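Report on one structure; see the data block that follows.
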Amino acid sequence: MNKLQIHELTKIYPGVVALDRVSATFEGGKVNALIGKNGSGKSTLLKIINGSQPATSGSFNINGEELRFETPKEALDNKIATVHQEMSLISGLTVAENIWIRRIPRKKGGFIDWKKTYDITRALLEDIGIDIAPNTPVSELSVWQMQMIEIAKAFSYNLEVLLLDEPTSALAEHETELLFNLVRRLKEKGIIIIYITHRLQELWKIADNCTVMRDGKIVGKANMDSIDNKQLVGMMFGNVEIQKRPQDIEIKDNPVLEVRGLTREPHFKNVSFCLKEGEILGIAGMLGSGRTELLRSIFGADKYEGGEILIHGERINKVSVVNMKKLGLALVPEDRQHQGLVQNMSIKDNLNAASIKRICKGAFVIRKAEIDAAKKQVNELDIKIDSIHSLVSSLSGGNQQKVVVGKWLNNTPNIMLFDEPSRGIDVNAKQQIFKIIWKEAECGISSIVVSSEIEELMEVCTRILIIKGGEIITEVLPDDLTVIDLYSLCMEGI
């Protein structure tokens, strides 16, 4: 049986130990899950194995042969391939062209041998159970079909190791099962499969064992048939110390937002809840549970099929981004770089983007008002900058997130929707974002917070709804349960 063995791998960045003497073994013919919360070190470990980053020290080997790569191309040449959640296929090319790009068979004289190309593609796809014609343009494929072609492309390198990084993050449930069937076929061929996912409920369906990382270290390994939800979550989080939100946040009885029977199949259905003035309402659920889609529909970014939305008791007949913004709603999206900010614009311009009418007189911008509004948020949110005229792309992730929040605060909202507000920022920046949410609650601004980090919802929210399969199944109060309890509720019955 093939084995990938890792021995005391260490990766040190300036001021940060990303991997701390990690040792582990991953076996062929099995799906080896690798999990941990954000920042645990699992992605860094994969990057060292696939040649994207060098290790500071330590080693890894396959069947005793020590390996070290400078580039992902070297890893591929040594039969180690990675399939990322972001697709790398070229939409203008066919399935066959994508699989064999830079390796397409040629005839004498340099001309492409199309017959051979299609024949070997057909044989490859049949071998791993993919029923897609080799000459199909990738632009005509669904997301799950593209993911399967990504795996087929990796398999074409006569793999020994396949690294799957969040392969189901963009897939619906039935598409996920089709992908699992492919992974099982590859497992039968003896390939060493390392599977990273945040969808913990998947593990009991596809993984044979699970290696858990926390704070750059391996904290344990277990067979999936011998561990339950609570035990697994306990390994991931350890003894989580939850910081307390301010006790003087006053939640008033009057509802500022009501959602009644909101439905947008297949993402969510019959969702109803009420948000009160000054309340910080969390929405907890696994990836794919419909959290992001729900926020986007409430904000008017996506249309919903049924149900209604009320603001301050008034039914909103025209739900659009423009109208919801006028009514005092703001959305801090999960993808701040592409949806929350304009990277080639200045900090000043980004901070005024949502409130442009407030700094204009007719068609003309009042420069003093523009600068004053930007400086107000820089000072109040403690945004670390050289100048308000610098490009927003020059800022750290945490400071960029503050700019997104400040952009909306300049429009004086009364309801803030936060989708993954702490994604990709460090611990200190997270605490600063939470303090901003708490401060705004003290001023009467209500918030809805979605986060993949369950312990963050426990820390920041006053009440939490649990969504599963697009439906709200219950609500809880953070003070009444533990992180492990909440995580288990999100996974219950899966």
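Each value in this text was obtained by applying a stated rule to the coordinates, not by laboratory testing. A quick note: this is a predicted structure, and the numbers were derived from the prediction, not measured. For neighbour counting, all protein chains shown are included, and Cβ atoms are generated from backbone atoms with ideal geometry for every residue, glycine included.
Results, tabulated for the structure shown:
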quantity: Calculated FRET efficiency for the pair Asn323/Lys375, C-beta based, R₀ 25 Å, to 0.05; calculated: 0.25
quantity: Local electrostatic count, Thr263, Cβ distance below 9 Å [Lys/Arg +1, Asp/Glu -1]; calculated: 0
quantity: Residue order, fewest to most beta carbons within 10 Å, for Phe26, Phe364, Phe273; calculated: Phe364, Phe273, Phe26
quantity: Axial C-alpha extent at least 15 Å, average Kyte-Doolittle at least 0.0 - helices from the chain (DSSP); calculated: 143-155
quantity: Local net charge near Lys108, Cβ-Cβ under 15 Å (Lys/Arg +1, Asp/Glu -1); calculated: +3
quantity: The range 251-349: mean projected area of Cα convex hull, nm²; calculated: 7.5 nm²
quantity: Dipole magnitude (debye, nearest 20) for the chain, charges at Cβ of Lys, Arg, Asp, Glu; calculated: 1540 debye
quantity: Total formal charge among the other residues, if their Cβ is under 15 angstrom from that of Arg21, Lys/Arg +1 and Asp/Glu -1; calculated: 0
quantity: The chain - share of DSSP beta bridges that are antiparallel (%, nearest 5); calculated: 55 percent
quantity: Helix-only CD estimate at 222 nm, as mean residue ellipticity for the chain, using -39500 (n - 2.57) per DSSP H run (n ≥ 4); calculated: -9000 deg cm²/dmol
quantity: Dimensions in Å of the range 173-319 - Rg and Dmax from alpha carbons; calculated: 20.8, 61
quantity: Within the range 255-491, percent of DSSP bridges classed antiparallel, to nearest 5; calculated: 55 percent
quantity: Virtual paramagnetic centre 7 Å along Cα→Cβ of Leu67, amide N under 17 Å, in the range 24-53; calculated: 24-34, 43-53
quantity: Gained length - Ile356 relative to Asn223, 0.36 nm times residue gap less alpha-carbon distance; calculated: 42.3 nm
quantity: Net charge dipole size for the range 255-491 [Lys, Arg +1 and Asp, Glu -1 on Cβ; Debye, nearest 20]; calculated: 1240 debye
quantity: Rg [Å, one decimal], Dmax [Å, integer] - the chain, C-alpha atoms; calculated: 24.7, 80
